[in-house]
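Asks: Next up is a structure, given as structure tokens.
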Amino acid sequence: MGKGCITVIKYFLFLFNLLFFIFGALIMGFGLWVLFDNQSFIAVLQESSDTVKVASYILIAVGSLSMAMGFFGCIGAIYEIRCLLGLYFTCLLLILIAQVTAGVSIYLQREPLKYEMAKILKDMIINYTGENRTTEHTWDYVQSTMKCCGWTSPGNWSENVLIKNNSENLYPCSCRNESLPGTDIRDVGMCEHLSSETPIYQTGCAASVEKWLLDNCGVILGICVGVAVIQLLGMILSMCLCQSVVQEDYTKVPKY
């Protein structure tokens, strides 16, 4: 392989590793957001299910490993260190296999996961009190921003303990449809309606969440394919560069 070709491969590999480092940082950042955010739909599931917390730890670990591999890949490419290039290729292959396995597992387990999510949210709705709790306030935020009520339908709220055991006509304030006449709008807690019809949204949040996923499916799929393509190209370029390096020259390794 010509020297000019090796130089091109080396700097292309450096570029791909830099992108891989950035993607790793994004993945780790997303994992940290899932773990610590308390103002989104994910936070509703965190307190009731260990699965979400475990998934966030996995994302943080994968992101950190991706950043490390990107860093070592950059060093191996610039200074043509075969052991680093080989280690980079092996780890990248393992990460790609793990990603494919995780994706297939999630696809095959989508129905049990959907059932678990529905159960967690219905239990939360039944025991909703409107007190200062992260999960309840987050669910209020989801209902008000997505303009929905309940999980499958507003009828889920008929099983709520406060509504069932109260003589007043109560409904969750976050379900309030602003286009309908009613009492003052509040973000959390229970509100009382005086008219015969409850001024709430008539669509369950399950439909809204599924619609959001369908609307953003192309973006999510594009990101996954983009990461996989970068990983495959990085593996190919690392092997090409590794084979072109005749012997180790550790004098190229920077001294600090």
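Every number in this text was worked out from the coordinates using simple rules, so none of it is lab data. Note that the structure is a prediction, hence the values are computed from the model and not measured. Methodologically, a virtual Cβ is constructed for each residue, glycine included, from the backbone with ideal geometry; neighbour enumeration extends over all protein chains shown.
Asks: Could the peptides 175-181, 16-22 be put in order, highest first, of the mean number of other beta-carbon atoms found within 10 Å of their residues?
Replies: Averaged packing, sorted descending, gives the order 16-22, 175-181.
Asks: Using per-residue counts of other Cβ atoms within 10 Å, averaged over each peptide, order 60-70, 196-206 from highest down.
Replies: Those peptides, ordered most packed to least, come out 60-70, 196-206.
Asks: Add +1 for every Lys or Arg and -1 for every Asp or Glu among the other residues with Cβ under 11 Å from the Cβ of Ala206, and state the total.
Replies: Net of charged neighbours comes to +2.
Asks: Can you tell me the order of 89-95, 71-77, 224-230 when each peptide is scored by its average per-residue count of other Cβ atoms within 10 angstrom, highest first?
Replies: With the highest mean Cβ count within 10 Å placed first, the list reads 71-77, 89-95, 224-230.
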